[in-house]
Amino acid sequence: MHRNLDLVSLRTLIAVAETGGMTRAANLLHMTQSAVSMQMKRLEEQLSVQLLRRDGRKVVATIEGDRLISYARRLLDINNEAVRSLSESLYDASITCGVSDDIVHPFMPQILGGLRDTYPRLGLNIELDFSYFLRRGLKNGVYDVILTTELSPAEGGEALVKRPLVWMTKTGGVCWKRRPLPVALSHNCMFRKPAIEALDKANIAWIDVTQSMNDTSALVSSAADIGVRAEMEGSSYHVLEEIGHNDELPELPAYSVVMYFSPGLNREIADEFANVARRVFSSDW
């Protein structure tokens, strides 16, 4: 049979042991002396063990009582922590940041760390999506700030950095030598159109090896040396590397990382986010 400990009785037990008497514990807990005595009697009967004994004019804990008090302190600490977690807000403010997944690493961890230096209680929710959907989400109020990859900023956007696109595949991969060239870019990827246009202009036959709207499957294909993909120069993918193709593949255009803010975002937070983002992208790319 399960026996559930009552937190009120445990708190009373601690008070009796710390004050050395039922009356003093009652005064501390704003209870009557008889109520304290009744709780201790009921607790001892429940556990079938003596928890308190009289030592001269004082009431002290028995060995078993001391053992229970050690557990009781931890149980009460957990109880108090649980109550605080529900009654106290974890953050002073929260923002939702939409990010194109090709620039998440290593930049977003550094932006988050930089923001925490100034706003230690700022909640930052990061969501990944394609640039087109991020801009639409910002317009519809889904995001407070977005970081996209685009040829050039649209109205309201700030270009943080501009880098050429490069061809990438598995480290040491050879799929880029095949013809038709296997291409692993999802149909929603911002870099698909310029990559395909560059191949067509260079009269290089190509095939789509992903047939997917999801870029994760395209990344897997590239990591398996099944297809090449276009990424911004310096992108951090541990299993991929830029292809040294000796001009056998066409040159690709440069793209910008663009930052947009919702008009409703707190101006101070927006300014700090912008400052941190500018610093991270200018120094680490």
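What follows draws every value from the coordinates through simple rules; no lab data is involved. The structure displayed is predicted, hence computed values, not measured ones. Note that each Cβ is placed from the backbone with ideal geometry, even for glycine, and that neighbours are counted across all protein chains shown.
So what's the Cα pair-distance distribution over the chain, bin width 5 Å, in %?
1, 5, 10, 12, 11, 8, 6, 5, 4, 4, 5, 5, 6, 5, 5, 3, 2, 1, 0, 0, 0
Kindly work out what percent of the DSSP beta bridges joining two residues of the chain are antiparallel, to the nearest 5.
60
Which residues' amide hydrogens lie under 5 Å from the amide hydrogen of ASP225, considering only partners 5 or more residues apart or on another chain, with H built in the peptide plane?
LYS170
Counting other beta carbons within 10 Å of each residue's own, what order do ASP129, ASP92 fall into, fewest first?
Fewest-to-most ranking of ASP129, ASP92: ASP92, ASP129.
Note down the nm distance, to one decimal, between modelled labels 7 Å out along Cα→Cβ at ARG267 and at MET38.
6.2
Compute the long axis of helix 33-47 from its Cα atoms, compare it with the longest principal axis of the Cα atoms of the chain, and write down the angle in degrees, 0 to 90, nearest 10.
Helix 33-47 sits at roughly 70 degrees to that axis.
Round to a whole angstrom and tell me the spacing of the C-alpha centers of the stretch 258-285 and the stretch 1-77.
Spelled out, the Cα-based centre of one part sits 56 Å from the other.
By average Cβ neighbour count within 10 Å, what is the ranking of 181-192, 205-216, 45-56, 249-260 from highest down?
Ranked from most to least packed, the peptides come out as 181-192, 249-260, 205-216, 45-56.
Please list, in chain and number order, the residues 5+ apart from GLY98 or on another chain whose amide H is under 5 Å from its amide H, with Hs placed from the backbone.
Amide H neighbours of GLY98, under 5 Å, 5+ apart: GLU127, ASP144, VAL145, ILE146, LEU147.
Taking Cα pairs under 8 Å and at least six residues apart, what relative contact order does the chain come out at, in percent?
The value is 19 percent.
Put +1 on the Cβ of each Lys and Arg and -1 on the Cβ of each Asp and Glu in the chain; which of LEU112, PRO182, SER70 then has its Cα farthest toward the positive end of the dipole?
In the chain, that residue is SER70.
May I ask you to evaluate 6.51 cos²θ - 1.76 cosθ + 1.60, the Karplus curve with θ = phi - 60°, for each residue of the stretch 51-67 and list the ³J(HN,Hα) values in order in whole Hz, giving x for glycine and proline?
9, 10, 9, 8, 10, x, 8, 10, 9, 10, 7, 6, 4, 5, x, 4, 5
Using θ = phi - 60° and the Karplus form 6.51 cos²θ - 1.76 cosθ + 1.60, what ³J(HN,Hα) does each residue of the stretch 146-162 get, whole Hz, x for Gly and Pro?
Taking θ as phi minus 60°, the curve returns 9, 10, 10, 10, 9, 4, 7, x, 7, 4, x, x, 10, 6, 8, 6, 10 Hz for the stretch 146-162.
What distance in nm separates the simple spin-label points at LEU76 and VAL104, each placed 7 Å from Cα in the Cβ direction?
Going by the 7 Å Cα→Cβ label model, 4.5 nm.
Report the antiparallel proportion of the DSSP beta bridges in the stretch 162-254 as a percent, rounded to a multiple of 5.
65
Determine which aspartates and glutamates satisfy two conditions relative to LYS139: a Cα distance under 15 Å, and not lying fewer than 8 residues away in the same chain.
ASP129, GLU155
Springs between alpha-carbon pairs under 10 angstrom, Gaussian network model over the chain: which of GLU150, GLU241, GLU81 fluctuates most?
With Cα springs under 10 Å in the chain, the top fluctuation among GLU150, GLU241, GLU81 is at GLU81.
Across the stretch 254-260, in residue order, what do the Karplus-derived ³J(HN,Hα) couplings come to in whole Hz, using 6.51 cos²θ - 1.76 cosθ + 1.60 with θ = phi - 60° and x for Gly and Pro?
For the stretch 254-260, the Karplus curve yields 8, 10, 10, 8, 10, 10, 10 Hz.
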